[in-house]
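Read the structure below first, then the notes.
Every read-out reported here was derived from the displayed coordinates using simple, explicitly stated rules and does not represent laboratory data. These numbers come from a predicted model, not from an experiment. Every residue, glycine among them, receives a Cβ derived from its backbone with ideal geometry; neighbour counts consider all protein chains shown.
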Amino acid sequence: MDSIGGHTATGGRRRRVLFFPLPYQGHINPMFQLAGLLHARGFAVTVFHTHFNAPDKSRHPAYDFVPVPVSDCLPEGSSDVFQVTVEHILAVNRACEALFRERLAALLSEDQAARDDVACLVADAHLLTLLDVARGLGVPTLVLRTGSSACLRMFAAFPMLCDKGYQPAQESQLEAPVRELPPYRIRDFPSTTSAYHGVISEVISHIVTAVTTSSGLILNTMDALESGELASLRRDLGVPVFDIGPLHKLSPAASSSLLLQDRGYLEWLDAQAPASVLYVSFGSLASMSAAELVETAWGIANSGHPFLWVLRPGLVRGTSPSEAEAPPLPDGFDDATRWRGVVVSWAPQEEVLAHPAVGMFWTHCGWNSTLESVCAGVPIMARPCFGDQMGNARYVEHVWRTGLTLDGELVRGKVEVAVAALMGPGEPGAGLRRRAQELRSSVAECMAKDGSSCTNVDKLVDHLLTL
Ligand code: UDP
């Protein structure tokens, strides 16, 4: 572990913020963006991390890293990515507890100055056990919740939703609206049936406890997107709330991508007409069956548009993310799409979405992907898979009205119709594009000097200095 005594330009000791991200791409990115933001504001940075999905330290030479090298603790025997992820989160908490306590205690005992320098631990909201450890050692905690405010509000209301019979969900009730939390329907909740109710309730209750026992909540969102939801969290949670999104725009952080981002086709993108390209990516965890992959491929091919498709190893259920090769494409796909499209295993997504050639984004609606699309003013075709993605897609289609959801069975004909609707010159495409641009401008206002997110960054910095 490197020494902890950084200095400010004026010669005073720097306050240090400790970070512990949940080891998943969609959680690592905003945590590193937050670290980058606070580092730029003069804080020293120490990142605790597991070996599973460990960050590449060479990209962040100014930070200290403290490994908490526990075994992967990935649950075996299930191909259901949602179940595996939720159980893994609980297992990571258990597995890291003792070693994190040891490593943090060692860091604090370097000398009294080291202890005084530590302002707080910022950990992912999924890491309640580790937040408890830090508090037990006298370190104040803040929580980064990497999803939307609407999702956290729903989590906070979860016991009430169970009391009222919304959860566990009945198969016959999935389309029913949740009157207490518009615009959600029952199907927009993370757990739609009783199979995972126990484990989901546990994870949700840990998240809410992590937030309410902390000294502050940091959210990667902004007033322009979720003013009502933020007001409700401020009213109900009893902790200071700092909405400082979109972090990928406000932070100077280097990429924290776990996979190598293929940049070889950016020139191809430069050669495409404005707003003509269909960008397709389902993030780092979402999966589909082999049959759905075939329908996806032909839907993209038959749309007739130029496309950039991220076909990640492990995307097809039953194949491993560690395989070097992406899943095979159907026979005839290459011939049918020659010169018209590019298939890559991982992309520099923020750059791609911000490229003027990109006209729409077919996404699983992970919160980072949703925000990145909003910031780029790109309309969305949503195909949510699990977790908070259904709720995000609901906001895209029914609140911001910047996209459409591809519901039900995934078949090529539906993809073709939806792409034509989004990319076509008439409605609904024209309206979706207009609103996507308007939303982009409103978000830009939040990021401007005196905008809500910028002001909240200042407030967060002040808050950290008082801890
Ligand atoms: N991402 C990327 N390259 C890709 C696809 C995704 O860098 O080809 C990034 C994307 O920019 C986002 C993150 O991976 O920041 C995915 O997070 P999200 O919350 O959208 O989904 P998750 O992977 O957590 O389901």
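Could you work out the local net charge near Cys120, counting Lys and Arg as +1, Asp and Glu as -1, over the other residues with Cβ closer than 12 Å to its Cβ?
Computed value for this residue: +2.
For the chain, what is the convex hull (Cα atoms) projected area averaged across all directions, in square nanometres?
21.8 nm²
So what's the angle, to the nearest 10 degrees on a 0 to 90 scale, between helix 367-376 and the longest Cα principal axis of the chain?
Roughly 70 degrees, rounded to the nearest 10.
So, in Å, what gap is there between the alpha-carbon centers of the stretch 43-76 and the stretch 86-112?
Their Cα centres are 12 Å away from one another.
How far, in nm, would the chain grow between Ala291 and Ala254 when pulled straight, counting 0.36 nm per residue and subtracting the alpha carbon separation?
In short, 9.6 nm is gained.
Report the rotationally averaged projected area of the stretch 387-451 based on its alpha-carbon convex hull, in square nanometres.
Result: a mean projected hull area of 5.6 nm².
Regarding the stretch 149-198, what whole-number volume in Å³ per residue does the convex hull of its Cα atoms give?
Dividing the Cα hull volume of the stretch 149-198 by its residue count gives 69 Å³.
Would you work out the charge dipole size for the chain about its Cα centre, treating the Cβ of every Lys and Arg as +1 and the Cβ of every Asp and Glu as -1, and quote it to the nearest 20 debye?
920 debye
Quick one: Karplus J couplings for the stretch 336-349, per residue in order, coefficients 6.51, -1.76, 1.60, θ = phi - 60°, nearest Hz, x for Gly and Pro?
So the Karplus estimates, Gly and Pro as x, are 5, 10, 3, 6, 9, x, 10, 10, 10, 8, 6, 10, x, 4 Hz.
Just to confirm the number: angle between the C-alpha axis of helix 223-237 and the first principal axis of the chain, 0 to 90 degrees, nearest 10?
That works out to roughly 40 degrees.
Can you show me the helix-derived [θ] at 222 nm for the chain, built from DSSP H runs with n ≥ 4 at -39,500 (n - 2.57) apiece and divided by the number of residues, rounded to the nearest 500.
Calculated mean residue ellipticity at 222 nm is -13500 deg cm²/dmol.
How large is Rg/Rh for the stretch 74-115, to two decimals, with Cα atoms and a Kirkwood Rh?
1.30
Determine the gain in length on full extension of the stretch Asp236-His398; use 0.36 nm per residue of separation and subtract their C-alpha separation, reporting nm with one decimal.
That works out to 55.9 nm of additional length.
Using a cut-off of 26 Å between alpha-carbon atoms, which lysines can reach Lys57, once sequence neighbours fewer than 8 places away in the same chain are excluded?
Once the sequence-local lysines are set aside, what remains near Lys57 is Lys249.
With equal scatterers on the alpha carbons only and no solvent term, can you work out the Debye log10 of I(q)/I(0) for the stretch 34-109 at 0.15, 0.22 1/Å?
With no solvent term, the Cα-only Debye profile gives -0.66, -1.04.
Evaluate 2.2 N^0.38 Å with N set to the residue count of the stretch 112-178, then give the Cα radius of gyration divided by it.
1.66
How big is the gap, in Å, between the Cα center of the stretch 417-447 and the Cα center of the stretch 196-272?
When both Cα centres are located, 22 Å separates them.
Defining a contact as two alpha carbons under 8 Å apart and six or more residues distant in sequence, what relative contact order in percent does the stretch 277-356 show?
33 percent
Just to check I understand the Karplus step: with θ = phi - 60° and J = 6.51 cos²θ - 1.76 cosθ + 1.60, what whole-Hz values come out for the stretch 276-284, glycine and proline as x?
Calculated HN-Hα couplings, in order: 9, 9, 8, 9, 10, 7, 10, x, 9 Hz.
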